[in-house]
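Heads up, the thing below is written out as C-alpha cells.
Read-outs throughout are calculated quantities, based only on the coordinates presented, and are distinct from any laboratory measurement. Given the structure is predicted, the values throughout are model-derived calculations rather than measurements. Quick reminder, even Gly has a Cβ in these numbers, built from the backbone with ideal geometry, and neighbours come from all protein chains shown.
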Amino acid sequence: MQLFLDTASVTEIRTMWETGILDGVTTNPTLVAKEGRTFESVLRDVCALGVPSVSAEVVAVDVDGMVREGRHLRGLHPSIYVKIPMTPAGLRATRLLSGEGTRVNMTLVFSANQALLAAKVGATYVSPFIGRLDDQGQDGIELVRDIVTIYRNYHVPTKVLVASVRHPIHVLEAAKIGADIATMPFAVMEKLAQHPLTDLGLARFLKDWEKVPKG
Ligand code: E4P
C-alpha cells in the first residue's frame, strides 16, 4: 500500500520524503490555509522535492470553473493530480479532465455508490473520507471494504485512496482490505514507526553495551 501525507507543510513533507517511506501528498484548502503561503508556492516546493503524486484541489464549484482550474493546476507540474469534489458538476468536470489525460482524485466521497460513479467518469483516485464517517457514527472502514470489493468485481482501474485517516489502526485496516493508498497526517505516519518495546529494547541494548570491555 502506498503511504501519502495529508498536509501542506513543506517541512513535514521534506522530513518524510527524506526517510524514503513517502509515496505522495494530498492537500486541501483547509490544510493550505494553515500554512500562510500561496497555494502555488506550496505546490512548487513539494513538487521540487521529487514527490511523484501531489493532489491539489480546485475551489470552483461549476463545471467550467473546475475544468479551468484543473487545467491550470495540471500545467504547474507533471506530478500534480487534480482534486475534484464528488458533486454532479464534479462528475462532469472529472469526465472532461480525465478525457484530456489529467489524473483526477475525486474527493469528499462518503458512499460506495459515489465511488462507483467516480470510476465511471475515469477518476484515477477515489478518496473515501473515513474519519469523518467515524466521527458521525458510521463505520468508515466498512466503506473502504465495500469500494475495494466493488472495484475488484468489475476490474476497475481507479485506485482507492483512503483519506481522513485519524490513527494507525485506520492504516492497518486499510492495508488488510487491500486499499491502494492511505493518506494521513504527519503525526499518524510518525506513529507507524513507533513501538514502546522498540524503545525499551534499544535502551537495554545500549545500557548492556556499556558493560562490554572496550579497546
Ligand atoms: C484527503 O485528501 C483530505 O485532505 C483529508 O484526508 C481530509 O481529512 P480530515 O477529515 O482530517 O480533514
Close pairs from the range 192-215: first within 30 Å of V171 (Cα to Cα), partner of a type in the set (V, I, T) and part of a helix (DSSP H, G or I), Cβ under 9 Å, at least 6 apart: L192/V171; A193/T19
Condition met for T38 (more than 14 Å from the ligand (Cβ to nearest atom), more than 23 Å from P128 (Cβ to Cβ) and touching a residue at least 40 places away in the same chain (Cβ under 8 Å)): no
Test: residue in the range 100-118 that is more than 24 Å from V144 (Cα to Cα) and either surrounded by fewer than 19 Cβ atoms within 10 Å (Cβ to Cβ) or among the acidic types (D, E) (or both): yes
Qualifying residue in the range 123-133 (condition: within 24 Å of T30 (Cβ to Cβ), touching a residue at least 24 places away in the same chain (Cβ under 8 Å) and in contact with a His (Cβ under 9 Å, 6 or more places away or on another chain)): yes
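Table: residues versus (1) away from the ligand (no atom under 16 Å from the Cβ); (2) under 19 Å from the mean Cα position of the chain (by Cα).
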{"site": "G99", "(1), (2)": "yes, no"}
{"site": "V109", "(1), (2)": "no, yes"}
{"site": "A118", "(1), (2)": "no, yes"}
{"site": "T124", "(1), (2)": "no, yes"}
{"site": "E142", "(1), (2)": "yes, yes"}
{"site": "I150", "(1), (2)": "yes, no"}
{"site": "K159", "(1), (2)": "no, yes"}
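Conditions (1) touching a helix residue (DSSP H, G or I) at 6+ places or on another chain (Cβ under 6 Å); (2) assigned to a helix (DSSP H, G or I), marked per residue:
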position	(1), (2)
G122	yes, no
G137	no, no
I141	yes, yes
L161	no, no
I169	no, yes
A182	yes, no
K191	yes, yes
G201	no, yes
P213	no, no
Any chance D6 is among the acidic types (D, E) and surrounded by fewer than 19 Cβ atoms within 10 Å (Cβ to Cβ): no
Residue within the range 187-207 that is in contact with a strand residue (DSSP E or B) (Cβ under 7 Å, 6 or more places away or on another chain) and more than 30 Å from V67 (Cβ to Cβ) present: yes
Residues located in the range 17-35, provided they are away from the ligand (no atom under 16 Å from the Cβ), out of contact with any strand residue (DSSP E or B) (no Cβ under 8 Å at 6 or more places or on another chain) and part of a loop (DSSP other than H, G, I, E, B): G20
Breaking point among (1) of a type in the set (A, V, I, L, M); (2) part of a helix (DSSP H, G or I); (3) surrounded by fewer than 17 Cβ atoms within 10 Å (Cβ to Cβ), for V61: (2)
